[in-house]
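Notes follow the structure.
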Amino acid sequence: MAIKPDTWIKRMALEEGMIEPFVSDQVREGVISYGLSSYGYDVRIADEYKVFTNLNSTTVDPKNFDRKSFVDFKGEVCIIPPNSFALGRTVEYFRIPRQAMTICVGKSTYARCGIITNVTPLEPGWEGHVTLEISNTTPLPAKIYSGEGIAQILFFESDEECAASYRDKKGKYQGQRGVTLPKL
């Protein structure tokens, strides 16, 4: 698989609806950058969050997730408590082609502040808003700016389509909209 340059990403976004909405240039002035980059796409975080709380003293269990572990928040700036995390989602909706795979990495501006963004790869055939986990590894509250860059999606293309796509396997996160909690 080869990493794909901006021309392929732009063509796939404009002609195939791979990224919606799509920003064809990198926006940088006065914001944490977002939009098309050389070999990827810098995604924005939407203004809806699920902020982790230990108010109910529950155990985090991916097989039996307690929805009361999060407080819903909507706003221009989200404050993540010290040594905690929040779930958010991308502004952009993705439709990953059968011959492509992505890797998501956090933005260095946030990483240099101890704020780490984690997401799993977007598999061939997957579609939806990307749910992002934003960890505040510091002992201080951390600000996240809605509508600005949070992570970069790197695109890899194969010479041939995959045998079984995420859609074919009826993946449990297919078509997700909004911030999506863990499913079994």
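Helix 6-16 sits at what angle to the longest principal axis of the chain, using alpha carbons and giving 0 to 90 degrees rounded to 10? That works out to roughly 90 degrees. Compute the relative contact order of segment 21-71 as a whole-number percentage, counting only Cα pairs closer than 8 Å that sit 6 or more residues apart in sequence. Reported as a whole number, the value is 23 percent. Would any residue of segment 15-42 have its amide N under 20 Å from a label point 7 Å out along Cα→Cβ of Val105? List them or say none. Under 20 Å, as judged by backbone N against the label point of Val105, lie 26-28, 32-42 of segment 15-42.
Projected label points at Asp25 and Lys68, each 7 Å from Cα along the beta carbon direction, are separated by 5.1 nanometres. Local charge for Gly175 was computed over the other residues whose Cβ lies under 11 Å away, with Lys and Arg +1 and Asp and Glu -1, and equals +4. Sparse packing (at most 15 other Cβ atoms within 10 Å of the Cβ) combined with a DSSP loop state is found for the following trypsin sites (Lys or Arg not before Pro) in segment 69-128: Arg112. Within a straight-line Cα-Cα reach of under 20 Å, Lys68 can be paired with the following lysines, leaving aside sequence neighbours fewer than 8 residues apart in one chain: Lys50, Lys183. Available extension along the chain between Thr120 and Asn54 is 21.3 nm, counting 0.36 nm per residue and deducting the alpha carbon span.
What does the charge add up to near Gly128, with Lys and Arg as +1, Asp and Glu as -1, over the other residues with Cβ less than 14 Å from its Cβ? It would help to have the intermediate numbers written out before the result.
Working: positive: Arg89, Arg95, Arg167, Lys170, Lys172, Arg177, Lys183; negative: Glu20, Glu92, Glu123, Glu127.
Counting the neighbours of Gly128, the net charge comes to +3.
Legend: Rg and Dmax of the chain, from Cα coordinates, 16.6, 50 Å. Over the chain, Cα pairs under 8 Å with separation of 6+ residues give a relative contact order of 28 percent.
Potential lengthening of the chain between Ala164 and Glu133 amounts to 8.5 nm, from the contour at 0.36 nm per residue minus the alpha-carbon distance.
Could you pull out the pairs from Lys74/Lys107; Lys143/Lys170; Lys143/Lys169 whose alpha carbons sit more than 31 Å apart here?
On the way: Lys74/Lys107 22 Å; Lys143/Lys170 36 Å; Lys143/Lys169 37 Å.
Checking Cα-Cα distances, Lys143/Lys170; Lys143/Lys169 exceed 31 Å.
Pairs of Cα atoms nearer than 8 Å and 6+ residues apart set the relative contact order; for segment 33-103 it is 38 percent.
Here, each number is a calculation from the coordinates, and none is a lab measurement. Everything numeric in this text was worked out from a predicted model, so none of it was measured. Please note: Cβ atoms are built from the backbone with ideal geometry, for glycine as well, and neighbour counts cover all protein chains shown.
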